1. In deg cm²/dmol and to the nearest 500, what is the mean residue ellipticity at 222 nm of the chain if only DSSP H runs of at least 4 residues count, each as -39500 (n - 2.57), divided by the residue total?
2. Run the dipole for the stretch 165-263 about the Cα centre, Lys and Arg Cβ at +1, Asp and Glu Cβ at -1, nothing else charged, and hand back the magnitude in debye, nearest 20.
3. Can you send over the solvent-accessible area of Y79, 1.4 Å probe, protein chains only, in Å² to the nearest 10?
4. Toward the positive end of the charge dipole of the chain, about the Cα centre and with charges on Cβ (Lys, Arg +1; Asp, Glu -1), which of Y51, A228, A70 goes farthest?
5. With every protein chain left in place and a probe of 1.4 Å, what is the accessible surface of E276, to the nearest 10 Å²?
6. Normalising by the residue count of the chain, find the relative contact order in percent from Cα pairs under 8 Å and 6+ residues apart.
7. Carbon-plus-sulfur fraction of the accessible area of the stretch 165-263, 1.4 Å probe, in percent?
8. Treating only the Cβ atoms of Lys and Arg (+1) and Asp and Glu (-1) as charged, compute the dipole magnitude of the stretch 3-79 about its Cα centre; round to the nearest 20 debye.
Amino acid sequence: MHFDLPDLRLFIHIAESPSLTQGARKAFLSPAAASARIKALESQLGSRLLYRDSRGVELTPAGQRLLQHARLIMRQVDYLKSEFTEYGTDAAGHIRIFANTTAVTEFLPEVLAGFLAERPGVTVDLQERLSRDIVRGVLDGAADLGIIAGPVQAPGLQVLHFSTDRLVLAVPLGHALAKRQSVSFNDTLAYQHIGLHEGSTLLSFLREQVEKLGGNLALRIQVSSFEAICRMIEGGVGIGIIPESAARRHSRTMQLAILQLDEAWAVRERSMLVRELDALPGSVRALIDRLNQGV
């Protein structure tokens with residue numbers, strides 16, 4: 001069975017788009033030409049790959065399987081190209097990273113700024129994802145590197161620990177909890193919280209813990225960054241649970257009290273997820289080395 005790489009790339013574009021027309025546009029083809037090539041691919045495989053209707057396209061089970069394989073094949077082709085680029089083994093290439101909220105908003109921008117400044121030929125696609133989607137993305141080949149916090153179940157992947165952080169409670173000075181050294185998560189539920197935006201990994205994680213307690217997380221407002229959470233807390237709007245690294249940094253310029261959380265899950269091990277470290281292109285391995293130097 002022979003597969004054309006352009007057909008596999010076209011299929012990926014369509015699978016990742018809301019419609020065949022938009023997928024075809026990404027591949028610089030007309031919708032009619034793209035449809036004909038997908039039908040030829042379906043005929044070759046003997047399986048229907050897409051459900052088509054007026055709302056767009058949806059992958060069939062066979063299409064889901066092909067998408068996983070196609071992504072892996074195209075990532076390996078990209079790796080091969082990067083290894084033979086004129087820039088050298090770690091000075092060029094494209095890296096796709098799926099990461100949790102803390103990584104995207106806190107330490108990765110600084111790490112990537114220095115890393116990319118030294119390597120003009122490297123480009124990065126950084127996306128914030130939930131933990132389960134990070135694992136699935138690396139497994140499926142949609143991402144080269146996953147960055148996650150906390151316990152992780154990732155059979156089939158290499159898990160590389162690189163740092164430790166913990167979640168703490170930040171409250172305004174003068175708050176009823178401000179003079180305490182530590183507090184249980186359950187005790188914080190009596191107060192209104194400042195939370196991150198919907199879809200953030202931290203908010204999803206905290207809701208899971210609330211559900212286990214059978215309680216309720218009263219969110220007064222949701223914002224887009226840890227800095228915004230701290231500003232709201234300083235202003236007396238509510239309290240918030242954030243990584244200690246962020247709390248300590250913002251407490252240098254804001255009036256905050258920081259309390260330890262009496263919960264085993266408050267300690268958060270940060271890990272990198274890859275399919276096979278030795279098979280990664282030089283640019284990805286160089287970024288992993290940079291992260292291993294300390295965050």
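1. Details: 11 runs with 121 residues, N = 295.
It comes out at -12500 deg cm²/dmol, rounded to the nearest 500.
2. On the way: 10 positive and 10 negative charges, 63 e Å.
Dipole about the Cα centre, nearest 20: 300 debye.
3. The value for Y79 is about 30 Å².
4. My answer, from the dipole projection, is Y51.
5. Approximately 110 Å² of E276 is accessible to the 1.4 Å probe.
6. On the way: 490 pairs, mean separation 64.2, N = 295.
Over the chain, the number comes to 22 percent.
7. On the way: 2060 of 4670 Å².
The C+S portion of the solvent-accessible surface of the stretch 165-263 is 44 percent.
8. On the way: 11 positive and 7 negative charges, 15 e Å.
Taking the Cα centre of the stretch 3-79 as origin, the dipole is about 80 debye.
The values are calculated or read from the model by the stated rules, or taken from the named source; none is laboratory data. Because the structure is a prediction, the values reported are computed rather than measured. Every residue, glycine as well, gets a Cβ built from its backbone with ideal geometry; the counts of neighbours run over all protein chains shown. What goes into the accessible areas is simple: the full protein's heavy atoms, side chains included, and nothing from ligands, DNA or RNA. Shrake-Rupley method; radii C 1.70, N 1.55, O 1.52, S 1.80 Å.
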